[in-house]
Amino acid sequence: MTIRLAITAGEPAGIGPDLCVQLAQQAYAQQLVVIADPLLLQQRAQQLRLPLEILEFSPACPATPAAEGQLWVAPVALQSEVVAGQLNPDNSHYVLATLRLAAQGCLDGQWQGIVTAPVHKGVINDALGSNSDSPVFSGHTEYFRDYCGVPEVVMMLATSDLKVALVTTHLPLRQVADAITADRIQRVSRILHRDLQTYFGLPQPRILVAGLNPHAGEDGHLGREELDIINPALESLRQEGINLVGPLPADTLYTPKLLDQADATLAMYHDQGLPVLKFHGFGRAANITLGLPIIRTSVDHGTALDLAGTGQADPGSLYTAIDVASQMASHL
């Protein structure tokens, strides 16, 4: 069976449309359906001086890969003209419409997964009339969580040989310690364990867990979170049959000796695990949302407004996100 994936083109003034046009420059085994305004893609192709033939997608037709130079497109109309590199709040509702179409299509079985190009949270919230203290749109991850009606999702970034999931995501550092609770660790660990089994073909995944404090607390001398919260939570999960190792000092967890024996790692907070992963493979990593009833992957970078329309955007992360989504879909 040919895998069919939806690709959302993201912020129209950013590099998302560039990446989609670049996708069309080679043939794929999957049917990749870009959700975007066809006119925007044609304009960006002309700007990049790349050939592009638009094929209008119909869910009634069998999944058919496009030939080189062609791109399947599920059309969504822009609200306003787009200038590469220049944000326009008028087009924020267009961006949200592409996400709705992608999510609903996946729930309806039109495609087996979603791959998202980057969006600009600030301009979307400007359009929705919110402010930075209480944003209406927090990002792709939260959007798909709420749309699919699930209580909890887990962010995991992955390269071909390293997977890093997070207990907490976009929190100020002052709030992280209070957010590390036994309940949260257990919920996140169960989702990570289950989805590694479901989507990555790992019957009994081995997960390395980082401590919160330097040296994993040094037996309480550098903080008691490991003793009072993390250790008891992990022990309870081990009783459920989940293979967790730790808590380990984060400064030595990400070394080849330990990683060679692990299927994934679990970091306590954003900047504990992701700098390692991005140093290891920035531009070759995918952002994966676990815990959804659908498959969703994304690029590991932002909108890069300064590169839009220049031909300098690197599609490597998008290719990785497509590969990961395809691999995940193949296990269903």
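The values are calculated or read from the model by the stated rules, or taken from the named source; none is laboratory data. Predicted model, so just to flag it, every value in this text is computed and none were measured. Virtual Cβ from ideal backbone geometry, glycine too; neighbours counted across all protein chains shown. Accessible surface areas use protein heavy atoms only, side chains included; no ligands, DNA or RNA. Shrake-Rupley method; radii C 1.70, N 1.55, O 1.52, S 1.80 Å.
Structure notes:
- Intensity falloff of segment 182-332 expressed as log10 I(q)/I(0), Debye formula with alpha-carbon point scatterers, at q = 0.12, 0.20 Å⁻¹: -0.58, -1.32
- Helical content alone sets the calculated 222 nm signal of the chain at -11000 deg cm²/dmol, taking -39,500 (n - 2.57) per DSSP H segment of four or more residues and averaging over every residue.
- Sequence-distant residues sharing a close amide H with residue 70 (under 5 Å, placed H): 53
- In a simple Cβ point-charge model (Lys, Arg +1; Asp, Glu -1; nothing else charged), segment 118-221 has a dipole of about 280 debye relative to its Cα centre.
- When the Cα positions of 273, 330, 292 are compared along the charge dipole of segment 212-332, 330 comes out farthest toward the positive end, with charges on each C-beta of Lys, Arg, Asp and Glu.
- From the largest down, segment 1-157 spans 46, 35, 28 angstrom on the principal axes of its Cα atoms.
- Per residue, the chain exposes 43 Å² of accessible surface when a 1.4 Å probe is rolled over the protein heavy atoms with every protein chain present.
- Surface share of carbon and sulfur [accessible, 1.4 angstrom probe, percent] for the chain: 50
- Looking at segment 23-82, the GluC sites (Glu not before Pro) that sit in a DSSP loop and have at most 11 other Cβ atoms within 10 Å of their own Cβ are 68.
- Rounded, prolate or oblate (a/c below 1.5 giving rounded, otherwise prolate when a/b exceeds b/c) for segment 248-315 by Cα gyration tensor: prolate
- Pairs of Cα atoms in segment 21-98 fall into 5 Å distance bins, from 0 up to the last occupied one, in shares of 3, 16, 24, 23, 18, 11, 5, 1 percent.
- Amide H contacts of residue 248: 209, 210, 211, each under 5 Å away and 5 or more positions distant or on a separate chain (H built 1.01 Å from N in the peptide plane; Pro and chain starts excluded).
- Cα long-axis angle, helix 38-48 against the chain (0 to 90 degrees, to the nearest 10): 90
- Scaling the Cα radius of gyration of segment 161-211 by the globular reference 2.2 N^0.38 Å produces a ratio of 1.27.
- Acute angle (nearest 10 degrees) that the helix 316-330 long axis makes with the longest principal axis of the chain, alpha-carbon atoms: 70
- Rg ratio (alpha-carbon, reference 2.2 N^0.38 Å) - the chain: 1.02
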